[in-house]
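Asker: Okay, here's the structure, questions in a sec.
Please treat every number below as a calculation from the coordinates, not as lab data. It should be emphasised that the depicted structure is a prediction, and the values quoted were computed from it without experimental measurement. In this analysis, Cβ positions are derived from the backbone assuming ideal geometry, glycine residues included, and neighbour counts consider all displayed protein chains.
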Amino acid sequence: MRLKHLEMALQRLNGFPHPRVALEQYQTPAPLAARLLYHALMKGDIEGKSVCDLGCGTGVLAIGAAFLGAAKVTGIEIDQSAVDTAEGNAALTGTAVKFIVADVRDAALPGLIGTCDTVIMNPPFGAQQEHADRPFIDLALKTASVTYGIFNAGSAQFIKTYTEGRAEISEKVGGVFPIKRTFSFHTKDQKGIEVEIIRLISNRYLKPKA
Ligand code: SAH
């Protein structure tokens, strides 16, 4: 599937019916999601791979990975109503994704989901609850050899320090996350949040240095 077609397919998915601010439910816009996924595809991290989407929301990233030929896709999400929408989106697009309602902070989760080749995620940025992104990073590094995450621009230094000894940043790509203004007098306006897509390699999978 070409990048443009992926973007168009993701554009048609249903969004959060009642976005919950406390959970930072912002659906990744199709152009940004398609860019992350296509980049990961080119790196050899999607096609034929098992892919996990942590905090999958309405399933944009998970379903996109299935479109691009992932062998197995699992979406983890705390909110049942988001998973209902994600399941509807998977049915709508004829993609096979297994969704699990779970909290990424649940210590039993790594045992439950096992390992996968690649994690893709757009976790909460921690705007509502400080450090909300940390359990996502922790679980990702336990679960997969390669992780692609969308973070606030300028997060790379924090992530480098936070994952010290556990992972290495192999890439950082800038992007913009357009968020619709919610004020009634400004409904059509959009605010662009600068983000960065960070590719992490978990140390357990790095070759030991000679
Ligand atoms: N990945 C989706 C949604 C991004 S919004 C997308 O790209 O469109 C972040 C998502 O993380 C929300 O759906 C929110 O409900 C979920 N979330 C927040 N805290 C969580 C937790 N502790 N465990 C699992 N999911 C969580």
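Asker: If the limit is 31 Å between Cα atoms, which of Lys142/Lys191; Lys4/Lys49; Lys4/Lys142 go over it?
Answerer: Lys142/Lys191; Lys4/Lys142
Asker: Quick one: if you take sqrt(5λ) for each eigenvalue of the C-alpha gyration tensor of region 6-61, what semi-axes come out, biggest first, whole angstrom?
Answerer: For region 6-61, the ellipsoid semi-axes come out as 22, 13, 9 Å.
Asker: Return a whole-number percent for the relative contact order of region 1-110, with Cα pairs under 8 Å and 6 or more residues apart as the contact set.
Answerer: Numbers: 182 pairs, mean separation 26.2, N = 110.
Answer for region 1-110 is 24 percent.
Asker: Could you line up Asp79, Asp45, Asp84 from fewest to most neighbouring Cβ atoms inside 10 Å?
Answerer: Sorted ascending by nearby Cβ count, the order is Asp84, Asp79, Asp45.
Asker: For the chain, what does the helix formula give at 222 nm: sum of -39500 (n - 2.57) over DSSP H segments with n ≥ 4, over the residue count, nearest 500 deg cm²/dmol?
Answerer: The helix-only estimate for the chain comes to -9000 deg cm²/dmol at 222 nm.
Asker: Can I ask one more? Hey, got a sec? Which trypsin sites (Lys or Arg not before Pro) in region 4-37 land in a DSSP loop and have at most 14 other Cβ atoms within 10 Å? Working shown, then result.
Answerer: Numbers: sites: Lys4, Arg12, Arg20, Arg35; in loops: Arg12, Arg20.
Listed in order of number, the matching sites are Arg12, Arg20.
Asker: Among His5, His18, which comes first, then next, by fewest other beta-carbon atoms within 10 Å?
Answerer: His18, His5
Asker: Can you list which of the GluC sites (Glu not before Pro) found in region 87-166 are DSSP loop residues with at most 10 other C-beta atoms within 10 Å?
Answerer: Those satisfying the criteria are Glu130, Glu164.
Asker: Can you give me the C-alpha center-to-center distance between region 123-138 and region 28-75, rounded to a whole angstrom?
Answerer: Measuring centre to centre over Cα atoms gives 20 Å.
Asker: Sticking with this structure for a sec: Please give the FRET efficiency for Gln80 paired with Arg12, using the beta carbon to beta carbon distance and R0 = 25 Å, rounded to the nearest 0.05.
Answerer: Values: r = 23 Å, r/R0 = 0.92.
With R0 = 25 Å, the Cβ-Cβ based efficiency is 0.65.
Asker: From the square roots a ≥ b ≥ c of the eigenvalues of the alpha-carbon gyration tensor of region 40-105, which class results: rounded (a/c under 1.5), prolate (a/b over b/c), or oblate?
Answerer: Numbers: a/c = 2.47, a/b = 1.46, b/c = 1.69.
Oblate, because a/c is 1.5 or more while a/b does not exceed b/c.
Asker: I would also like to ask the following. With contacts defined as alpha carbon pairs under 8 Å and 6 or more residues apart, what's the relative contact order of the chain in percent? Intermediate results must be reported in sequence, preceding the final value.
Answerer: On the way: 412 pairs, mean separation 36.3, N = 210.
It comes to 17 percent, rounded to a whole number.
Asker: Expressed in nm to one decimal, what extension gain is obtained for the pair Ala96 and Ile179 from 0.36 nm per residue of sequence separation less their Cα-Cα distance?
Answerer: Working it through step by step, the gained length comes to 27.0 nm.
Asker: To one decimal place, what orientation-averaged projected area in nm² is obtained for the convex hull of the Cα set of the chain? It would help to have the intermediate numbers written out before the result.
Answerer: Values: hull surface 46.5 nm².
So the Cα hull casts an average projection of 11.6 nm².
Asker: Skipping prolines and chain starts, which residues have an amide H placed within reach, meaning under 5 Å, of the one on Phe99, given they are 5 or more residues away or on another chain?
Answerer: Gly75
Asker: Follow-up. Once you order the gyration tensor axes a ≥ b ≥ c over the Cα atoms, which shape class does region 1-113 get: rounded for a/c under 1.5, otherwise prolate or oblate by comparing a/b with b/c?
Answerer: Details: a/c = 1.76, a/b = 1.23, b/c = 1.43.
Cα axes put region 1-113 in the oblate bin.
Asker: Points 7 angstrom from Cα along the Cβ direction at Ala127 and Ala71: gap in nanometres?
Answerer: 3.8 nm
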